[in-house]
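Notes for the one structure printed next.
The values are calculated or read from the model by the stated rules, or taken from the named source; none is laboratory data. In this text, all values refer to a predicted model and were calculated from it rather than measured experimentally. With ideal geometry, Cβ positions are generated from the backbone for all residues, glycine too; neighbour counts draw on all protein chains shown. Side chains included, ligands, DNA and RNA excluded: accessible areas come from the protein's heavy atoms. Shrake-Rupley method; radii C 1.70, N 1.55, O 1.52, S 1.80 Å.
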Amino acid sequence: MRGGEGRRVLRDAGRASVHLLVGAGLAVVCYVMIGLVLLAAAATLSVIGAGMLPETVRLLRGLAGLERRRTATRLGSPVPERYLPLDRGSLLERIRAAGSDPGTYRDVRWLVAHLLYGLLFLYAAMVLWPLGLLVDGVGCGLAGRRPVLLPRIGDLATLQARLSRTLLLPSPSARLAERIDELAATRAGAVAAHGAELRRIERDLHDGAQAHLVALSMRRGLARRAYDHDPASGRALLDAAQDQAEEALAQLRHVVRGIHPPVLTDRGLVGAVRALAAGSGLEVSVTVHGAAGGPGEGADGARPPAAVEAAAYFAVAEGLTNAARHSGARRASVALERADGLLLVRVRDEGRGGADENEGTGLLGIRRRVAALDGTVRLTSPVGGPTVVEVELPCVW
């Protein structure tokens, strides 16, 4: 095999072999666990050892959780789990939860299946290793062909992980219940965010525009009374009233921008984000990837839904505001990308890091707004920086 490619193939095959070896070790543990499950079931039927069942099921969940983590590492995506709680209620209620939980039966099914394929795949890898070293070593080293057998070890490890994922995934009804709980939580968050937004608008109107309008009305009345006997003083009051009116209009524009920025309607997401970058006080670079026109426009000239545009805009605004106020950074970057039905937003600053999403309400509001659209927000901010806010919004247009 050629040097670089050969080392890569051997390294991948070695990692896959470690995965299969650990799986074979788990298969041996599964053999012991099956006996323990049968013992707990017999003890429960005899009533004397009924307390064994919840603890045995708890141990089984831990073993299945280990396999879920191994599978997630191999496949690159988490394997969700859903169980009934075992630490609530009386002993009878815990026994009933352990025995009636669909997750328990799925774990037992995986336990029996893994006892077989966990060892089988390792035996297959043990056969492939010497054959692969011989065939691929000669074929690739002398004939210059691509390796054939050694990559199959990686395929075996991936197949084992996919089998485990299929067996350990929650049932459709459990996933539906989990989805309902998730939607209920995001709905509650959206309602809370909406209420907070209404209170903010009310506060801004009361403390800003309304106060300016009240002062404007008072100065207009004073100017009207003073104009007959002191025109100069009346004109001065009218000038002050004019200034007050302009301040009230500016405050109203600020409130309107907080509801839905006009620049977003006029220039689209890309143009609005560039306007944010220009006015942030930082040196901000904006990059756009995706279809023609970037995330601001689809391939057919259509724009994303207004709610998606607004969520992305406010996420960028919050990220740049935090960078300018708290990070100590002088530079930041914003990336917008459209890919696979998603609108991806990434705000990065080169500041001191250490940001905590639990401090303040800005990021929490963005998280709630994005969650209402079934999107996600991720904050990465190690001490020393950089701070990265990543937003994914489902968006098909």
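Every residue in the stretch 52-90 that is open to solvent by 80 Å² or more (accessible area, probe 1.4 Å) and part of a loop (DSSP other than H, G, I, E, B), please.
Listed by number, the residues that qualify are Pro78, Glu81, Asp87, Arg88.
Output the residues belonging to the stretch 1-19 that are at pLDDT 80 or above and exposed (fewer than 12 other Cβ atoms within 10 Å of the Cβ).
Across the stretch 1-19, the qualifying residues are Arg11, Val18.
Only residues in the stretch 70-82 that are free of Cβ contacts under 8 Å to residues at least 60 places away in the same chain count as the first member; pair them with residues that are open to solvent by less than 80 Å² (accessible area, probe 1.4 Å) and assigned to a loop (DSSP other than H, G, I, E, B), Cβ under 6 angstrom, at least 6 apart or cross-chain, and list the lot.
Ala72/Val79
Which of (1) of a type outside the set (A, V, I, L, M, F, W, C); (2) open to solvent by less than 40 Å² (accessible area, probe 1.4 Å); (3) under 26 Å from Arg8 (Cα atoms); (4) at pLDDT below 90 is the odd one out, the single condition Gln160 does not satisfy?
Gln160 satisfies all of (1) of a type outside the set (A, V, I, L, M, F, W, C); (2) open to solvent by less than 40 Å² (accessible area, probe 1.4 Å); (3) under 26 Å from Arg8 (Cα atoms); (4) at pLDDT below 90 except (4).
When the residues of the stretch 91-150 are filtered to those that are open to solvent by 70 Å² or more (accessible area, probe 1.4 Å) and of a type in the set (Lys, Arg), which remaining residue is modelled with the highest pLDDT?
So the residue we want is Arg109.
Filter the stretch 346-375 for residues that are closer than 12 Å to Ala311 by Cα and at pLDDT 75 or above and give the result.
Across the stretch 346-375, the qualifying residues are Ile366, Arg367, Arg368, Arg369, Val370, Ala371, Ala372, Leu373, Asp374, Gly375.
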